[in-house]
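Below: one structure, written as structure tokens.
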Amino acid sequence: MLIHMIGICGTGMGSLAGLLRDAGHDVRGSDENVYPPISTMLRDRGIPILEGYRAENILAATPRPDLVIVGNIANRDNPEARALLESGIEYLSMPQALGRFFLASRHSIVVAGTHGKTTTTAMIARMLVESGRDPSFLVGGILKDLDQSYRLGAGEAFVIEGDEYETSFFDKGPKFLHYMPRTAVLTSVEYDHAEMFPSLDAVKEAFSRFVALVPAASAGGALIVCADDAIALLLSRPCRGEIVGYGLGPGARLRAELIETRPDGMLFRALDAGRDLGTFRIGAAGAHNLRNALAAVAVGLKLGLSPEEIRRGLGSFSGVRRRQEVRGVSAGVTVIDDFAHHPTAVRETIAAIRTSHPGQRLWAVFEPRTNTTRRDVFQAEYAQAFDGADEVVIAPVDHPERAPEGRRFSVERLIADLRGRGLSAQHEPAGVPGIVATIAEKARRGDVVLIMSNGGFGGIAEKLLAALDARAGISARPAG
């Protein structure tokens, strides 16, 4: 089957493209503002990318596609979407395609929640690979040790990140409602995606519908829920499946006791209803990642893995690109890239880096880029999210015009609020060039620079390392 994908370089769409190709289909796609790592992954696997959206990609293609998969980046006015609606060619959303081609015949393990979806999904996937279960998976990021965001295996399990964002322009419901969970994970529930959900109650309703999809316990259904999150725990109560609570607090059935945090991760002890499962290691820091690991342990136990298999799997997990990823060290300055953008994620990530790099000066560089961040929804919350940083640098809002006038996020107000809290904070109106020049000039040996954005951020990590190299007299840096 010849399949064309509109918006192929989205993290989910790119992974689906790889899955379809591995399943024997001829796949191509279109996108704009193409950037690594997804674009690199697709090209390495021989999947053509047409840059820009054009009606002729649908109507004049030879041969015409048998099926078009529409990413949620495309609205009804997208040139290819308009051409598609005129063409009579069959089309599906990304979640519909996943359900049809992959999930219906497998044990679907769906990881949902406001925070921690990608890392938790990746941990579970790596654990099942290491234990020989030969799973399939689709993750919203690239696993560093496997160098891929997807895998088509022969085993029964399919592990997938369950996104609550809208499915497509022709289906405004959340993506995860199409994923048929037999085992579900609910990591957290907070307000997010202000352009889609008008209130926290609307977010709760979406997750309630997701939880309702879990089959009854008698049919093998299970919900793994973070007992430390009051909203997630409340939403789990009507679930028909077996409910397993995990967390750091005393109310959780599966608990963790932190033993040690170090630059390469954490050691912790896991207790299942008081039963000591032993010591585990993960290559990530922070309380949020401790909870992510516990969710993976819970899924492993539910699927019949032994504590030793789980231990090996988590120990082999080296992380996901752009999740606390060390991009390089130059002139004694460590540059770390992270996907954090919600104020809770910003706060937790800063705390994690502070813990794993004690005594080092920490720069927090943040780009307000999401549709929610462009609005003033979290204006006050961001003022409290950077407390663990020594130096804060805020980039200009990316495409502020996409937020309603009168409800736009104010970088200037944020800087004033941060300074009012005693933080050293600055705004760089020049964007990436100004940020790179400032940090390259002022950073000193032993500093850590944490870059946070849910987008490419103008290749700032590479540009900063190059500027630091130039300052240190290093002529060239190895590719990658």
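The values are calculated or read from the model by the stated rules, or taken from the named source; none is laboratory data. Being a predicted model, the structure only gives us computed values, none of them experimental. Neighbour counts run over all protein chains shown; Cβ positions are idealised from the backbone, glycine included. Surface accessibility is based on the protein's heavy atoms, side chains included, excluding ligands, DNA and RNA. Shrake-Rupley method; radii C 1.70, N 1.55, O 1.52, S 1.80 Å.
As a test question: what accessible area, to the nearest 10 Å², does residue 442 have when a 1.4 Å probe is rolled over all protein chains in place?
110
If the reach is capped at under 24 angstrom between alpha carbons, list the lysines near residue 442, excluding any in the same chain fewer than eight residues apart.
463
Could you tell me the center-to-center distance, by alpha carbons, between region 396-472 and region 310-375 in angstrom?
About 15 Å separates the Cα centre of region 396-472 from the one of region 310-375.
Can you list the lysines whose alpha carbon is less than 25 Å from that of residue 302, not counting same-chain residues fewer than 8 positions off?
Filter leaves 117, 175.
Per residue, what accessible area does the chain have, given a 1.4 Å probe and all protein chains present, in Å²?
Per residue, the chain has an accessible area of 38 Å².
Among 128, 461, 176, which residue has its Cα furthest toward the positive end of the charge dipole of the chain, with +1 on Lys/Arg Cβ and -1 on Asp/Glu Cβ?
Of 128, 461, 176, it is 128.
Using Cα pairs under 8 angstrom and six or more residues apart, how large is the relative contact order of region 12-79, in percent?
29 percent.
What aspartates and glutamates sit close enough to residue 144 to cross-link, taking a C-alpha to C-alpha distance under 13 Å and skipping anything fewer than 8 places away on the same chain?
325
Consider the candidate values (1) 0.96; (2) 0.99; (3) 1.10; state which one is Rg/Rh (Cα atoms, Kirkwood Rh) computed from the structure displayed.
It is the value labelled (1).
When only C-alpha pairs under 8 Å and at least 6 residues apart count, what is the relative contact order of the chain, in percent?
Once normalised by length, the contact order is 11 percent.
Hey, what number do you get for the chain at 222 nm if only DSSP H runs of n ≥ 4 count, each worth -39500 (n - 2.57), divided across all residues, to the nearest 500?
-9000 deg cm²/dmol
Picking from 18, 40, 186, whose Cα lies most toward the positive end of the charge dipole for the chain (charges on Cβ: Lys, Arg +1; Asp, Glu -1)?
In the chain, that residue is 186.
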